[in-house]
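Bear in mind these aren't lab numbers, they're just calculated from the coordinates by the rules spelled out. Keep in mind that what you see is a predicted model, and the values were worked out from it rather than measured. Here the Cβ is made from the backbone with ideal geometry for all residues, glycine too, and neighbour counts use every protein chain on show.
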Amino acid sequence: MSPEAPDDESNQSLWFVVAAPLCWAAHFLVSYATVAVWCERYAGRDGSLYQARVAVAAYTAAALGGIGLIALAAWRRYQHGGGTEAFDADTPLGRHRFIGSATLLLSALSAVATAYSALTVVFIRDCH
Amino acid sequence: MCSPAARSRTLLAALALGAAACRGPQSALDPAGRGADRIATLFTIMAVGAAVVWLAMVALTVFAVRVHAAPRVERRTALFILGGGALVPTVVLTALLVYGLALLPELVAPAPAGSLRVAVTGEQWWWRVRYPGPDGRTVELANEVHLPLGQAADLRLDSADVIHSFWIPSLGGKLDMFPGRTSRLALWPTRAGRYRGVCAEYCGASHALMAFAVVVEPRAALDRWLAHQSEPARPPTTPLGARGAALFLADGCGACHAVRGTPAAGTLGPDLTHVGSRHGLGAATLPNDAGTFARWITHPESLKPGVHMPAFGMLPPADVRALAAYLEELQ
């Protein structure tokens, strides 16, 4: 069954809920590793962070894009069935909408967290 | 019952006591350096921001429960929860984060070239301090750092054993000290005086007894002090001190401690060349006098648990007094 027809829940997955936080975690990990390797291997202790900042900007754009797509899909789930049935109802449609709601909220949180991580390199411009 | 006037007096006295507690040689709320000043301002803004948010929340709670205890329109309530529970905190946190991050570049910037350089090594549980001179000679002392007033100091920090953290709350932020890695910290003292530095990272049994004295003084005074510290020890001037000097070598103290100008050249423990002139003993946790020297020689473990120095309690009391007199004379 497709997500648009939630009567059969056999192929529903909770991984959808954690997709946005995973984007945030991946963004943090890759940004951290990039800056650490850049400063330790290439730029040196007092070197410029410019290239690493560009890379982090690219990671941030990719992460926010991914989180945006997840949020869009979550919004569609949340609105499924006209959005009239209570999303905490003990029915397949209620659970479908609940997953959409939870994913949407986590997407918002992940987007803010990703932006906060990226803010660091807006202000820190060298490896010192 | 207290009268309103008595209550006001009590409140004012409590506030005065609270304000007095913010001062002192080891208070981040009484800054005497550029970095500490920025951090104190950051703390004030964070504290005021937290107080405003807390008061607003309490006011809203009182309004919802007491003032307007009636059913609400569901949609408006949902929007209010979204705004007050998510949007406003995000905006407030973002503003505070941006302000805090904007401070970082200045706080972590290295000292300008030509600044006074001081190398500090954290060891369990004391501080080895070295002032490299322009002629290549290094002046070594322990547990005391002198910094120039109104000028930057370039501190090079590392550790000989475990992770320590160098922190002079009155002058700036703290920085961890790692074995095998040199960290750089710039401090800009702005007010002359005596301050207290501490280890800010738990490093073993006597972590809480690992402090150091900090003196901020004009550059000319610092240069005079440094010139004095670079000189070898003066010979003792009293018979008791002279006997202590002989005992110092005979009892093997020189295997771990150096007293420049004598055969004692150990490097395991603190350099004692001018130990009598320091602002404290046992990493600035004890008074600098003959009685403390005597207790330290005979029962160091009772003053600093886990200390590496062995106890010399087997020495005759007369020898201990002579050693203490000698060390006190090392001005």
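Here are the numbers for this structure:
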quantity	calculated
Span per principal axis, largest first, for the Cα atoms of chain B (Å)	91, 56, 35
HN-Hα J in Hz across the stretch B:249-257 - Karplus 6.51, -1.76, 1.60, θ = phi - 60°, x for Gly and Pro	7, 5, 7, x, 4, x, 5, 10, 10
Within the stretch B:99-193: Cβ-based charge dipole about Cα centre, in debye rounded to nearest 20 (Lys, Arg +1; Asp, Glu -1)	120
MRE, 222 nm, helices only [DSSP H, n ≥ 4, -39500 (n - 2.57), over chain B, to nearest 500]	-12500 deg cm²/dmol
Residue (of A:L72, A:G100, A:G44) at the positive-pole extreme of chain A, dipole from beta-carbon charges	A:G44
Cα→Cβ-extended label distance, 7 Å offset, between B:R224 and A:V37, nm	5.7
Chain B: antiparallel DSSP beta bridges as a percent of all, rounded to 5	70
The stretch A:23-118 - percent relative contact order, Cα under 8 Å, separation 6 or more	32
Average other protein chain Cβ within 10 Å of Cβ, residues B:237-249	0
Inter-chain Cβ neighbour average for residues B:39-48, partner chain, 10 Å	0
Highest to lowest packing among A:30-41, B:141-152, B:263-274, scored as the average C-beta count within 10 Å	B:141-152, B:263-274, A:30-41
Tilt relative to chain B, helix B:219-230 - C-alpha long axis, 0 to 90 degrees, to 10	40
Sequence ranges B:105-114, B:50-59, B:282-291, ranked by mean other-Cβ count within 10 angstrom, highest first	B:282-291, B:105-114, B:50-59
Cβ crowding within 10 Å averaged over residues, with A:108-115, B:296-303, A:12-19 ranked highest first	A:108-115, B:296-303, A:12-19
Residues with amide H under 5 Å from that of B:E201, placed H, sequence gap 5 or more	B:S165
Residue-averaged beta-carbon neighbours from other chains (10 angstrom radius) around B:59-65	0
Size of charge dipole - the stretch B:239-329 - debye, nearest 20, with Cβ of Lys, Arg +1 and Asp, Glu -1, no other charges	40
FRET efficiency estimate (nearest 0.05) - Cβ-Cβ, B:V162 to B:R76, R0 45 angstrom	0.20
DSSP-assigned coil residues among trypsin sites (Lys or Arg not before Pro) in the stretch B:53-130, each with at most 13 further Cβ atoms within 10 Å	B:R72
HN-Hα J in Hz across the stretch B:5-14 - Karplus 6.51, -1.76, 1.60, θ = phi - 60°, x for Gly and Pro	5, 5, 5, 4, 4, 4, 5, 5, 5, 5
222 nm mean residue ellipticity, helices alone, for chain A (DSSP H n ≥ 4; -39,500 (n - 2.57); rounded to 500)	-23500 deg cm²/dmol
Globularity ratio of the protein assembly as shown, using Cα Rg and 2.2 N^0.38 Å	1.37
